[in-house]
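Comments concern the structure below.
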Amino acid sequence: MGYNMSNKTMKTVLNIIFLSIVITSYAQEKPKKTFKEKLDASLVLSYDMSYEFDSEKLQKTELILKPEFIYKFNRRSKLVFKSQIYSEFQDNLETGTPRETMVSNFSKRLFIDDKTSLELREFYFYTRFKNKLRVTIGKQQIVWGETDGLKLLDIVNPQNFRRFILEDFEDSRIPLWSVKTEFDINAIGVQLIWIPDNTYHITQDFDAPYFTKNLFKALPNGVAMEFRQVQRPERFFKDSDIGIKLTTFAKGWDLSLNYLYHYDDLPVFYNTLSQFNSVPTITISPKYERQHTLGGTFNKVIGSSTFRGELVYVFNQNFSSNNPNANSAVEKSNVYKSALGIDYIKGEYVFSAQLFNEWITEDIIPFNRDRFETNATFLASKEMLNDNLKAEILWVHSMNNKDGFITPSLNYWLNSNTQLILKSHLFYGKDQFLFGQFTNRNNVSFGFKWGI
Amino acid sequence: MKTLILILATFFIMNPLSSYGQNLMDGQQIAENTHAKNEGVSVKRNLIMELKDKRGKMRVRKTIALRKYFGKEKRLVIFYETPSSVKGTGFLTFDYPEASKDDDQWLYLPALRKTRRISAANRGDYFLGTDLTYEDIKLETKISKDDYNYKTLKIEKIDDNDCYLIQATPKNDAIAKELGYSKAHFWVDAKLWIMRKSESWDIAGNHLKTVKISDIKIVQEIWTYHRIDVINHKTKHETVFKFENIDYKTVLSDDYFTEEALVDGL
């Protein structure tokens with residue numbers, strides 16, 4: 001019933017969007033160019049084959065076609081269409097046809113077979129009015145924050161964890177149907193966002209290579225489990241996410257203040273123990289819960305270095321708990337998060353370091369994590385042969401758990417349109433921790449990107 | 001006869017080339033003149049960069065470059081159009097008139113969907129794989145007013161045009177290190193005040209680069225160059241910058257020169 005209502009409402013909203021495109025484009029400057037001149041079409045083809053050391057098998061063989069069309073009505077308005085044909089020939093990362101229960105009906109991928117899917121990546125109309133009001137309506141990515149590798153404020157769009165956090169965020173971020181409005185009040189840029197698309201992180205099945213098992217408690221011996229269907233928000237307006245971002249640039253400082261009223265992109269796993277046919281049974285009832293996230297970012301150049309950072313405060317985040325008195329094995333706490341980074345560029349060299357802290361403010365006992373956690377990332381890269389060849393190494397490390405991963409890569413421009421990419425992902429640490437659980441997934445991959 | 005002498009004397013005084021060998025125009029003045037040249041309030045143009053390595057392998061980058069003066073402050077933005085895999089990359093710089101104030105620079109990387117601040121202190125670094133530095137790109141063939149001590153050497157013809165040849169030496173070691181040059185020679189057109197050629201030497205004194213600026217013609221009443229050829233003698237790498245569809249007349253909205261515009265694109 002909820003979905004039917006949502007479908008109708010969504011169709012109405014889509015009709016409004018297309019009507020606004022037509023009206024706006026006719027109301028603005030008269031077209032001076034031909035259809036061909038206004039249309040900008042491009043295509044990127046990428047191929048990547050990854051070999052897993054532990055299993056001595058291919059972890060994935062991936063072919064992605066990304067056609068993109070941008071139709072510029074005039075200097076102020078454009079319609080953007082980006083789609084993706086994705087084939088993973090091993091059918092290993094997302095085995096079979098995923099049910100995508102965490103994805104709204106309007107954002108689901110279309111699976112042609114187990115290996116190939118079609119996805120509308122982005123489809124939006126952008127217009128800039130004469131009073132500097134800018135509106136973007138449609139399926140899009142909205143990116144907040146200053147950090148690389150790990151995310152704090154980049155939470156507007158959910159993510160597909162098909163390859164944990166190894167994929168480029170551009171590819172793993174899930175675009176959402178949303179409205180973004182931007183305007184200026186004196187020297188302050190205001191961004192308002194409304195996201196009626198109830199799509200959340202795509203997490204992996206229990207048997208998938210990148211299933212994050214450390215997030216789930218192991219069942220005690222002799223205890224059965226009943227896994228209930230996830231309770232997901234379905235109301236079009238009431239369950240929308242809304243957000244605001246204020247930005248300014250003053251005295252060399254780039255500053256932003258961000259607020260998002262949203263559903264956590266991971267469900268809370270409520271556990272209850274009961275007797276079922278005399279067998280102790282744990283019933284797991286996953287449910288998406290609301291939260292408020294308040295944050296801010298800064299960056300400033302000092303000499304040859306750029307300092308940047310993020311501060312985030314999350315209200316009432318839910319944690320799976322080890323506290324025997326916790327209600328349904330879940331406890332709540334506010335969470336303070338911060339990230340401080342420095343980028344140093346010298347000639348062809350780039351060095352970048354980031355320090356991430358998370359502090360659970362309440363005295364709770366979260367499952368498989370500490371109340372105060374610190375992660376660090378370090379990136380070094382060098383451009384060679386006039387940017388023909390780039391060597392890079394990224395290191396992500398958990399200070400608490402002494403686990404992490406290292407990603408060395410080489411990127412070579414064969415010609416104007418073709419890049420060759422050689423990359424490896426090397427996890428280390430104990431099996432029960434976030435990164436250490438994937439030591440058996442260490443791999444080396446080779447691929448290319450070709451674009452016209 | 002007196003009148004004729006007076007006319008000739010006036011001609012020699014007025015003509016900037018009158019002082020052949022004797023009182024050549026001061027190098028600092030020549031540098032200032034390159035900045036005084038009319039270049040319009042704003043300009044929009046296609047900038048095509050052809051990068052060729054020593055083996056002859058060529059890569060082509062097509063961009064749209066916009067520049068606008070906000071009073072004395074100059075803002076420049078470059079949007080990458082091709083190849084597809086770098087499409088959407090944008091570079092924005094605020095060039096402040098105060099020599100003591102560092103410029104502000106941003107680079108938008110579509111693969112990250114994030115805008116990165118770039119230190120302007122690294123002005124001697126090469127601009128996105130080309131053979132010009134960030135400083136060269138910012139100056140747009142003009143000659144720095146603040147970084148060098150100049151000595152006017154002579155007048156030479158470049159492409160049949162009289163040019164002042166001035167020798168530039170960085171004012172101190174720190175500037176030399178920042179720019180990456182220990183010495184430079186600039187050939188500046190004595191009528192148009194446009195640089196037509198330059199040679200530069202690296203910190204160790206080795207011949208580093210030759211820059212040639214050509215295809216100079218009037219566009220919408222403004223003398224405009226259409227091609228820059230750069231050869232890096234050290235790496236044998238070459239870059240050709242070609243400027244097309246140059247338009248000084250279309251009024252460019254201030255909104256193009258913002259971080260938001262880097263993200264939204266053209």
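The values are calculated or read from the model by the stated rules, or taken from the named source; none is laboratory data. Keep in mind that what you see is a predicted model, and the values were worked out from it rather than measured. All Cβ positions, even for glycine, are placed from backbone atoms using ideal geometry, and neighbour counts span all protein chains on display.
Here is how the numbers come out for the structure above:
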item	result
Residues of the range B:192-220 satisfying the condition of being in a loop (DSSP other than H, G, I, E, B) and in contact (Cβ under 8 Å) with a residue 40 or more places away in the chain	B:Leu192, B:Trp193, B:Ile194, B:Gln220
Residue satisfying all of: in the range B:181-198; surrounded by fewer than 20 Cβ atoms within 10 Å (Cβ to Cβ) and not hydrophobic (A, V, I, L, M, F, W, C); farthest from B:Ile222 (Cα to Cα) among these	B:Ser182
Residues of the range B:37-73 satisfying the condition of being touching a Ser or Thr at 6+ places or on another chain (Cβ under 7 Å), within 20 Å of B:Ser144 (Cα to Cα) and either part of a loop (DSSP other than H, G, I, E, B) or within 11 Å of chain A (Cβ to nearest Cβ) (or both)	none
Residue in the range A:417-425 that is at pLDDT 95 or above, of a type in the set (D, E, K, R) and touching a Gly at 6+ places or on another chain (Cβ under 9 Å) present	yes
Test: B:Thr152 is within 14 Å of another protein chain (Cβ to nearest Cβ), over 17 Å from the mean Cα position of the chain (by Cα) and surrounded by 18 or more Cβ atoms within 10 Å (Cβ to Cβ)	no
Pair list, Cβ < 6 Å and 6+ apart or interchain, from the range A:156-178 residues that are within 14 Å of another protein chain (Cβ to nearest Cβ) to residues that are part of a loop (DSSP other than H, G, I, E, B) and among the small types (Gly, Ala, Ser)	A:Glu170/B:Ala111
Flag for A:Lys245 being of a type in the set (Lys, Arg), under 20 Å from the mean Cα position of the chain (by Cα) and over 23 Å from B:Glu259 (Cα atoms)	no
Any chance A:Ile185 is more than 13 Å from every other protein chain (Cβ to nearest Cβ) and under 18 Å from A:Thr248 (Cβ atoms)	yes
Among residues of the range A:237-254, those that are outside any loop (DSSP other than H, G, I, E, B), within 12 Å of chain B (Cβ to nearest Cβ) and in contact with a strand residue (DSSP E or B) (Cβ under 9 Å, 6 or more places away or on another chain), counted	6
Count of the range A:171-207 residues which are in a loop (DSSP other than H, G, I, E, B) and either loosely packed, with under 15 Cβ neighbours inside 10 Å or at positive phi (or both)	5
Qualifying residue in the range A:407-425 (condition: surrounded by fewer than 17 Cβ atoms within 10 Å (Cβ to Cβ) and at positive phi)	no
Checking B:Asn172 against (1) in contact with a His (Cβ under 8 Å, 6 or more places away or on another chain); (2) over 20 Å from B:Lys234 (Cβ atoms), the condition it does not meet	(1)
Residue, nearest to B:Ile137 (Cα to Cα), within the range B:87-110, restricted to residues that are aliphatic (A, V, I, L, M) and surrounded by fewer than 20 Cβ atoms within 10 Å (Cβ to Cβ)	B:Leu107
Qualifying positions in the range A:49-82 - away from chain B (no Cβ under 14 Å), under 24 Å from the mean Cα position of the chain (by Cα) and not β-branched (Val, Ile, Thr)	A:Met49, A:Ser50, A:Gln59, A:Lys60, A:Glu62, A:Leu63, A:Phe81
Enumeration of residues in the range A:274-317 that are within 14 Å of another protein chain (Cβ to nearest Cβ), hydroxyl-bearing (Ser, Thr, Tyr) and out of contact with any Gly (no Cβ under 9 Å at 6 or more places or on another chain)	A:Ser304, A:Ser305
For B:Ser100: the one exception among (1) in contact (Cβ under 8 Å) with a residue 24 or more places away in the chain; (2) of a type in the set (Ser, Thr, Tyr); (3) closer than 30 Å to A:Ser256 by Cβ	(1)
From the options A:Thr147, A:Thr116, A:Thr127, residue that is polar (S, T, N, Q), within 11 Å of another protein chain (Cβ to nearest Cβ) and more than 30 Å from A:Thr377 (Cα to Cα)	A:Thr127
Search result, residues across the range A:318-369 that are part of a loop (DSSP other than H, G, I, E, B), crowded, with 17+ Cβ neighbours inside 10 Å and within 14 Å of chain B (Cβ to nearest Cβ)	A:Glu348
